[in-house]
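The values are calculated or read from the model by the stated rules, or taken from the named source; none is laboratory data. Note that the structure is a prediction, hence the values are computed from the model and not measured. Cβ sites come from the backbone with ideal geometry, for glycine too, and all protein chains shown count toward neighbours. Just the protein is used for accessible areas: all its heavy atoms, side chains included, with ligands, DNA and RNA removed. Shrake-Rupley method; radii C 1.70, N 1.55, O 1.52, S 1.80 Å.
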Amino acid sequence: MTLRVLGVDPGLTRCGIGVVDVERNRQATMVAYGVVGTSPEDSLDQRLLVIALAIDEWLDRHEPHVLAVERVFSQLNVSTVMGVAQASGVVIAAAARRGIPVALHTPSEVKAAVTGSGSSNKDAVTKLVTKILRLDAPPRPADAADALALAITHAWRAGSGAAVATTGPGSSSLTPAQRAWAQAEAKARRAR
């Protein structure tokens, strides 16, 4: 069975999107990639609407089995984190409306899966995504390459012939760190 994964590198200014098909033997093929851009001069609601409409179009056109999204991770710039979180929420909701499972992966997980090192830079990720997908030229901009890397990572971690893995506390495809995070989230929800 071929697993189709739509990867999203969320952001308000540039939201990278990439679709890959991955065979049981882990051979990955690029289906499509792009970037949804919004202007910082536009209002937040309009920026999120642009992203929502674009994601709806990609989900309807490519019909992925699963959506892989970069997990929002603490950064120094709080406004950047908020924008990434807001864009992520729009993307996750679009998948949920269609019943498409969503998996979250940290940047270091993606780097480790694609390059073998969780501390690789963007150039190394782009270079290896180009090689893995047998592309003639690197996907540009880097946000698109990151989205493709997310899709590849999820397919390789889930096993392309396996049922898609979601991010619940009991998911067997989660790393120990992801399981701990999911358990902490579940505990926090119960405490409310």
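Per residue, how much accessible area does the stretch 12-87 have with a 1.4 Å probe, in Å²?
On a per-residue basis, 53 Å².
For the stretch 1-121, which whole-number percentage of the solvent-accessible area (1.4 Å probe, protein heavy atoms only) is attributable to carbon and sulfur atoms?
The computed percentage sits at 54.
What does the C-alpha gyration tensor say about the overall shape of the stretch 55-163? Classify as rounded when a/c is under 1.5, otherwise prolate if a/b is larger than b/c, or oblate.
Since a/c reaches 1.5 but b/c is at least a/b, the shape of the stretch 55-163 is classed as oblate.
Can you compute the FRET efficiency between residue 25 and residue 82 using 1/(1 + (r/R0)^6), with r the Cβ-Cβ distance and R0 = 41 Å? Round to the nearest 0.05.
The computed FRET efficiency comes out at 0.50.
Between residue 108 and residue 44, what is the label-to-label distance in nm when each label sits 7 Å out along the Cα-to-Cβ direction?
2.9 nm
Label residue 124 and residue 97 with points 7 Å out from Cα along Cα→Cβ: what is the distance between them in nm?
3.9 nm
Quick check: from the Cα gyration tensor, does the stretch 33-106 come out rounded (a/c under 1.5), prolate or oblate?
Since a/c reaches 1.5 but b/c is at least a/b, the shape of the stretch 33-106 is classed as oblate.
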